[in-house]
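For reference, the structure discussed in these notes is given below.
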Amino acid sequence: MTVPPPPWRRTPSPRRRAAKPLLSQELVVKTALEILAAEGIAAVTMRKVAQRLETGPASLYAYVSNKEELDELMLDAALGDVPQPAPDAEHWDEQVKDQVRLQVRAMMAYPGIARVAWNTPVPVTPNALQQAETMLALLRAGGLSLEQAMFASDALSLYAKAHAYEASSWTFGDFDQADVAERSRQMDEYMRSLPAGAFPNLLRSGEFFNAETSAPRFEFALEMFVAGLKTLVRA
């Protein structure tokens, strides 16, 4: 009979390394978003995502064809956080404004993803398409024709992306604050060197165009836009 050695002489069995999760497009995008959230959009590269997944960059190309597609898939994942309300003909105007606000909020939640949105004029990923269809349905519920709804949806989308790009740039430091301050000082100095009274209104523009006024400017434009759409319906 074989007698086992005493416990203090037993060789401990080697610890097994936890199995790596199987690669998938969803995992690649999730990992890329984690890097983006921690370090910003500029830090997201195929190589860095591969390193985080403990594999080589070539392994990712079975799931994502290139960095441009990865960017679009990250944007699509961000838009997946935006709800898709059923159209309400009585409150369509408020629904439209809320939808734009939520889209902007979703883009700003991921540092730099608005840059991807701005550089992707016609996204055709699932969540992006669903968001476009939702907006069209809300606008049609308000009484707009399909043509009017198409044009309005396009303009609202452009504004949402532009605002998210600008606001996130202020928030996440795409602008060097020292450079902005110096540029503003130079502009103010130049304007004041012009003949007295030449630009009395423009000389005060700095009060209204800065990071602090970003939100009220956005709300003003949104209210103005939707109010204009309502006049089209009544016409």
Got a sec? What order do 118, 92 fall in by accessible area at 1.4 Å, biggest, i.e. largest, first?
-> 118, 92
Expected unfolding gain across residue 66-residue 39 under the 0.36 nm per residue rule, minus the alpha-carbon gap, is 7.7 nm
Can you give the percent of C-alpha pairs in region 105-161 whose distance is more than 14 Å?
-> 58
On average, how much accessible surface per residue is there in region 45-90, in Å², for a 1.4 Å probe, leaving out ligands, DNA and RNA?
-> 54
Dimensions (Å) - the chain, Cα atoms, principal axes, largest first = 105, 51, 32
Counting Lys and Arg as +1 and Asp and Glu as -1, what is the net charge of the other residues whose Cβ lies under 9 Å from the Cβ of residue 97?
-> -4
Share of accessible surface on carbon and sulfur in region 22-78, whole %, 1.4 Å probe and ligands ignored, is 52
Roughly how tilted is helix 67-79, in degrees to the nearest 10 and between 0 and 90, from the longest Cα axis of the chain?
-> 70
Rounded, prolate or oblate: pick one for region 109-235, where a ≥ b ≥ c are the square roots of the eigenvalues of its C-alpha gyration tensor, a/c under 1.5 means rounded, and failing that, prolate if a/b is larger than b/c, else oblate.
-> oblate
Roughly how many nanometres apart are two label points built 7 Å out from the Cα toward the Cβ at residue 51 and residue 232?
-> 4.9
What accessible area, in Å² to the nearest ten, does a 1.4 Å probe give for residue 157?
-> 50
For the chain, what is the mean residue ellipticity at 222 nm derived from helices alone (per DSSP H run of n ≥ 4: -39500 (n - 2.57); sum divided by total residues; nearest 500 deg cm²/dmol)?
-> -19500 deg cm²/dmol
How much accessible surface area, in Å² rounded to 10, belongs to the heavy atoms of residue 110 with a 1.4 Å probe?
-> 50
Got a sec? Which residues in region 198-235 would a label at residue 192 touch, if it sits 7 Å along Cα→Cβ and we count backbone N under 18 Å?
-> 198-209
Specify the angular offset, from 0 to 90 degrees and rounded to the nearest 10, of the alpha carbon long axis of helix 92-108 from the longest principal axis of the alpha carbons in the chain.
-> 50
Cα centroid separation - region 100-115 against region 45-84, whole Å = 18
Looking only at region 102-125, which residues have a backbone nitrogen under 18 Å from a spot 7 Å from the Cα of residue 219 in the C-beta direction?
-> 102-106
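The values are calculated or read from the model by the stated rules, or taken from the named source; none is laboratory data. Predicted model, so just to flag it, every value in this text is computed and none were measured. Positions of Cβ are generated from backbone atoms using ideal geometry, with glycine treated the same way; all protein chains shown enter the neighbour counts. What goes into the accessible areas is simple: the full protein's heavy atoms, side chains included, and nothing from ligands, DNA or RNA. Shrake-Rupley method; radii C 1.70, N 1.55, O 1.52, S 1.80 Å.
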